[in-house]
1. Send over the semi-axes of the range 417-518's equivalent ellipsoid, whole angstrom and largest first, taken as the square roots of 5 times the C-alpha gyration tensor eigenvalues.
2. Sort the following peptides by mean Cβ neighbour count (other Cβ atoms within 10 Å, averaged over residues), highest first: 265-274, 38-47, 469-478, 213-222.
3. Considering only DSSP beta bridges with both partners in the range 417-518, what is the antiparallel share in %, to the nearest 5?
4. With only alpha-carbon atoms in the gyration tensor, what are the semi-axes of the equivalent ellipsoid for the range 339-412, in Å, largest first?
5. Considering Cα pairs under 8 angstrom that are at least six residues apart, work out the relative contact order of the chain and quote it in whole percent.
6. Calculate the FRET efficiency for residue 160 and residue 40 from the Cβ-Cβ distance with a Förster distance of 22 Å, rounded to the nearest 0.05.
7. Hey, which aspartates and glutamates would be in cross-link range of residue 252, C-alpha to C-alpha under 16 Å, not counting anything within fewer than 8 residues on its own chain?
8. Test of understanding: what is the full-extension gain from residue 300 to residue 282, defined as 0.36 nm times their sequence separation minus their Cα-Cα distance?
Amino acid sequence: MQNQDNTGNGNLFAALQAAFPAASDDIAVETDDGLLYSWRDLDRATAMLANLLTSLELPAGARIAAQLDKSVEAMLLYLATLRAGFVYLPLNAAYQSAEIEYFIDNAEPAVVVCSGKNFGWVSKIAFTVGTQFVFTLNSDRSGSLLERAAACSDRHVVAVKQADELAAIIYTSGTTGRSKGAMLTHGNLLSNAQVLKKYWGWRSAKQGGDVLIHALPIFHVHGLFVALHGALLNGSKMIWLNRFEPALVLEKMPQATVFMGVPTLYVRLLAEPGLDSAATRHMRLFISGSAPLLIETFTLWQERTGHTILERYGMSETVMLTSNPYHPEQGQRRGSTVGFPLPGVSLRVQDDAGQSVPVGDIGGIEVKGPNVFTGYWRMPERTAEDFTSDGYFKTGDVGKIDASGYVTIVGRSKDLFISGGYNVYPAEIEGYINELPGVAESAVVGVPHADFGEVGIAVVIAREGAALNADDIIVRLKSRLANFKVPKRCFVVSELPRNAMGKVQKNILRSRYDAAVAA
Ligand code: MLC
Ligand code: AMP
């Protein structure tokens, strides 16, 4: 597998740019409000933004943090960061000040780009930790970033990078302590994109040309890397939606061929009466990942559209690890499984003693490959703990491999649940609840939810003499935490179920509150 483009530059952007079609006036991106960006526009706009970043005389390896609503320009900022040779740090637009404060303090970005409405509090946090520049960028293309870039040249020579140099840091929350920044290199991202291009049979313009509906957020690996790199590395047009709207996705399908989504997107599309085989006739491939796709969704999708969703598995630390086959000769796409390890990925299932388990037995999933990250930002001890002595990364996912090689995820050894494709760590939410006045203790668990797959509920014990109001707790959390992390319901109780060691029995809470939240 090539980790460098043919000019010898290991910069991921160089490889993406080399795949831009020669017909540079062709449309690369079309938005739902009718904006058209040609391949030439992508090249020029990323050059101008890269020149702006370069003109700031930032130190090598400088981090460019972005907390932005989704827009084509936010995507261009990511590409320009690669192009200029800096390190991109995307932050979920839902994060609130305490969350942002942690990331900025930990990553010490030289540049922060935020939306104008957040400039006051974001810049205060950023300047406090020594960030030199804070720009604004709004989804209507206003803001200081583009104003400044407009004065820059639209020609730029792509910065030379080695494949093992850092391209992005993606923060993932932790079961203990605070979030960890997964460091991904140009080589990690490019090797994975090249494997997926082949494995999923992306069609070049000569073969009829794929068109991707891009409807995912661009601050996590699914939308930022898997979907975006897939289209760009194939020179494929994107139909760009800043928000996922099922009716709009359905409307765009006759002009598209590929769609990627978390399971919630498929559940919501299935609720559209117009979803049938005629509406999806032009589509070549539906891909699902980031959370378990229920077999009911997989089967219903097949019945309604005639298409078999291809489920794959990955994570921030590794990008994509396994995939169900695309080509029928490689095997069937099996619901409830995440398919085979991708070419180049070694995947094994180990018991607690670090021995491989027999075929079909359950254990911890460990992986190795060119896509696996280099470690957690400034956390060498955490990095060392999460790798085995022979270089495998312990994913924290629990699964099995059957005799035909299909991998199934059966659970997680880490205490987290996945809500609408976002990971939520109960320990983090409990920390915030426990800081509220009158709270003695709390436990957060994920419970089933028809739309989001799982959602959080909080079970709280009051301090002696304190009167707690469950709704009030939710309101207070909403002002401190990203909305998807806020428990959907809160219950104030007098005691929590505990085992003989005094540990809260979350499995009992999960079954007790199993039906607590209606979709
Ligand atoms: C929104 N809400 C959620 C939620 N998203 N609640 C729980 N879980 C979620 N994921 C709540 C909000 O708090 C709000 O409630 C209400 O829903 C409306 O908010 P919204 O922002 O308007 O919601 P909507 O636009 O409908 O968003 C839903 C969604 C979104 C499913 C489209 O969550 C989404 O885009 N998810 C994709 C996540 C993703 O890309 N994951 C990839 C991670 S990478 P209230 O009460 O505040 O009004 C990864 C690796 C891999 O995992 O393998 O890919
Ligand atoms: P993140 O840290 O946000 O990148 O989330 C990665 C986690 O999402 C993985 O460790 C898995 O637990 C989960 N995940 C991703 N894809 C799938 C899938 N297809 N099925 C089940 N879990 C998945």
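The values are calculated or read from the model by the stated rules, or taken from the named source; none is laboratory data. Since the model is a prediction, treat every value here as computed from it, not as a measurement. In this analysis, Cβ positions are derived from the backbone assuming ideal geometry, glycine residues included, and neighbour counts consider all displayed protein chains. Side chains are part of the model used for accessible areas, which takes the heavy atoms of the whole protein and leaves out ligands, DNA and RNA. Shrake-Rupley method; radii C 1.70, N 1.55, O 1.52, S 1.80 Å.
1. 20, 17, 12
2. 213-222, 38-47, 265-274, 469-478
3. Percentage antiparallel, nearest 5: 75.
4. 22, 14, 10
5. Worked out over the chain, it gives 12 percent.
6. For R0 = 22 Å, the calculated efficiency reads 0.40.
7. List returned: 30, 32, 33, 210, 272, 276.
8. This chain segment gains 4.6 nm when fully extended.
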